[in-house]
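Please read the structure below before turning to the comments.
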Amino acid sequence: PQLANQIAAGEVVERPASVIKELVENCIDAGADRIDIHVEQGGSKLIRIRDNGCGIAKDELALALARHATSKISSLDDLSAIVSLGFRGEALASISSVSRLTLTSRTKDQNEAWQVYAEGRDMQAVVKPAAHPVGTTVEVLDLFYNTPARRRFLRTEKTEFGHVDEVIRRIALARPDISINLFHNDKPIRQYRAATSTEQVERRIAAVGGLAFIQNAIKLEWEHDDLNIRGWIAETNNAELQYFYVNGRIVKDRLLNHAIKQAYQNQPQSENFAYVIYLDVDPHQVDVNVHPAKHEVRFHEARLVHDFVHQAIVMALDAKSQ
Ligand code: ADP
Ligand code: MG
């Protein structure tokens, strides 16, 4: 199984940023509203992520590191309507196969916390007592220490941290209700405070996308049947700010770009758009199972979704021009 884990690790664990993405998604699935992320040397030396979510019970700690162990899906029926970010039960097994990983956790029903440790090949079956508030900390040391070819593939500390920063930015935009703190080599780099009002959400978007973006953008807000869209679009020459979320997952999909271009076709200005858009659809109407890391989705009724998005943009453009 070790080899299988390392092969699977190649799929989900490409670099520190992909480790962090998986671990933070676990925090979100656990219902955390505060996540603290410490990174050293771009993440190749250390990644430590603490959350205040539901925690993992003592007798499930070792299981959490096993392959295909997920607490999030128990039947095929669940698979057709995935609401959690994780569901393959692969991340912790894969990450622990290529690092030294410590998992410490406490549930609200336990008076004490417990800890397991896994180092590459070997998992220590011993579950040790530890000090920790309700929630979970995952510490990943020496990523790829036992897969030198992959370790060599890592770029400079600055580049790796840049990827980490971008992963956190995407998550911060996806979940403005969660407070997220990011530290690099003990220095605080990002502090995204939990937003409880629309203004605070806009402030977080502005913190990421710049004030000019929010000020120039048209604002989408529409709901119809099971479809709900919110967000901002601005014409720009800088198309770096393009974030599209479907049911909380960041997604790359031509459908959106097509709908935007079509809605703007009678407008004079630029070719490029910056956007932050949240689309929520009935989870039965979308397949997230297409590819683990490629951010693809498949809408069962793509035409319908496209027309809905297009219509929402046309309405926002009309509202702006009045
Ligand atoms: P998946 O997220 O696909 O279920 P993972 O390998 O990422 O698989 O995690 C395995 C299991 O460990 C999860 O299903 C969950 O039960 C538990 N787990 C992992 N991280 C956390 C966390 N931060 N808080 C609570 N439970 C967690
Ligand atoms: Mg997961």
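For the range 100-115, which residues satisfy the criterion of being open to solvent by less than 50 Å² (accessible area, probe 1.4 Å), under 19 Å from GLY31 (Cβ atoms), assigned to a strand (DSSP E or B) and of a type outside the set (A, V, I, L, M, F, W, C)?
Once the filter is applied, which keeps residues that are open to solvent by less than 50 Å² (accessible area, probe 1.4 Å), under 19 Å from GLY31 (Cβ atoms), assigned to a strand (DSSP E or B) and of a type outside the set (A, V, I, L, M, F, W, C), the range 100-115 yields THR104, SER105.
Considering only residues that are touching a helix residue (DSSP H, G or I) at 6+ places or on another chain (Cβ under 9 Å) and either more than 30 Å from TYR243 (Cα to Cα) or among the β-branched types (Val, Ile, Thr) (or both), which ones fall in the range 145-170?
TYR145, ASN146, THR147, THR156, THR159, VAL164, VAL167, ILE168
Cβ-Cβ under 6 Å, sequence separation 6+ or interchain: first residue in the range 151-170 and over 17 Å from LEU46 (Cβ atoms), partner open to solvent by 80 Å² or more (accessible area, probe 1.4 Å) and of a type outside the set (D, E, K, R). Which pairs?
Correct list of pairs: empty, since none qualify.
Take residues that are within 24 Å of SER84 (Cα to Cα), among the aliphatic types (A, V, I, L, M) and open to solvent by less than 60 Å² (accessible area, probe 1.4 Å) and tell me which of the helices (runs of 4 or more DSSP H) falling wholly in the range 169-263 contain 2 or more. Quick ask: steps written out before the conclusion?
Numbers: elements: 198-209, 211-216, 254-263.
Counting at least 2 such residues, we get 198-209, 254-263.
Name the pairs whose Cβ atoms lie under 9 Å apart, with the first residue in the range 116-145 and open to solvent by 80 Å² or more (accessible area, probe 1.4 Å), the second in a loop (DSSP other than H, G, I, E, B) and not β-branched (Val, Ile, Thr), and 6 or more positions between them or separate chains?
ARG121/ASN146; MET123/LEU65; MET123/ALA66; PRO129/GLU112; ALA131/GLU112
Sort through LEU92, LEU85 and tell me the only one that's in contact with a strand residue (DSSP E or B) (Cβ under 9 Å, 6 or more places away or on another chain), within 27 Å of ASN247 (Cβ to Cβ) and not in a helix (DSSP H, G or I).
Working: LEU92 fails: not in a helix (DSSP H, G or I).
Sole residue among the options that is in contact with a strand residue (DSSP E or B) (Cβ under 9 Å, 6 or more places away or on another chain), within 27 Å of ASN247 (Cβ to Cβ) and not in a helix (DSSP H, G or I): LEU85.
Among the listed residues GLY89, GLY43, identify the single one that is under 19 Å from the mean Cα position of the chain (by Cα), among the small types (Gly, Ala, Ser) and either modelled with pLDDT under 95 or loosely packed, with under 14 Cβ neighbours inside 10 Å (or both).
GLY89
Would you pick out the residues in the range 105-164 that are farther than 18 Å from LYS21 by Cβ and among the aromatic types (Phe, Trp, Tyr)?
Hits for the range 105-164 are TRP114, TYR117, TYR145.
If ASP165 meets every condition in (1) more than 16 Å from ligand 2 (Cβ to nearest atom); (2) closer than 30 Å to ALA206 by Cα; (3) touching a strand residue (DSSP E or B) at 6+ places or on another chain (Cβ under 6 Å) apart from one, which number is that one?
Looking at each condition in turn, ASP165 falls short on (3).
Given the residues GLN265, GLN242, which is the only one that is out of contact with any strand residue (DSSP E or B) (no Cβ under 8 Å at 6 or more places or on another chain), of a type outside the set (Phe, Trp, Tyr) and without any contact (Cβ under 8 Å) to a residue 60 or more places away in the chain?
Working: GLN242 fails: out of contact with any strand residue (DSSP E or B) (no Cβ under 8 Å at 6 or more places or on another chain).
Matching residue, one of GLN265, GLN242: GLN265.
The values are calculated or read from the model by the stated rules, or taken from the named source; none is laboratory data. As the structure is a computational prediction, the values presented were derived from the model and not from experiment. Cβ coordinates were reconstructed from backbone atoms using ideal geometry, including for glycine residues, and neighbour counts include every protein chain displayed. All accessible areas refer to the heavy atoms of the entire protein, side chains included, with ligands and DNA or RNA removed. Shrake-Rupley method; radii C 1.70, N 1.55, O 1.52, S 1.80 Å.
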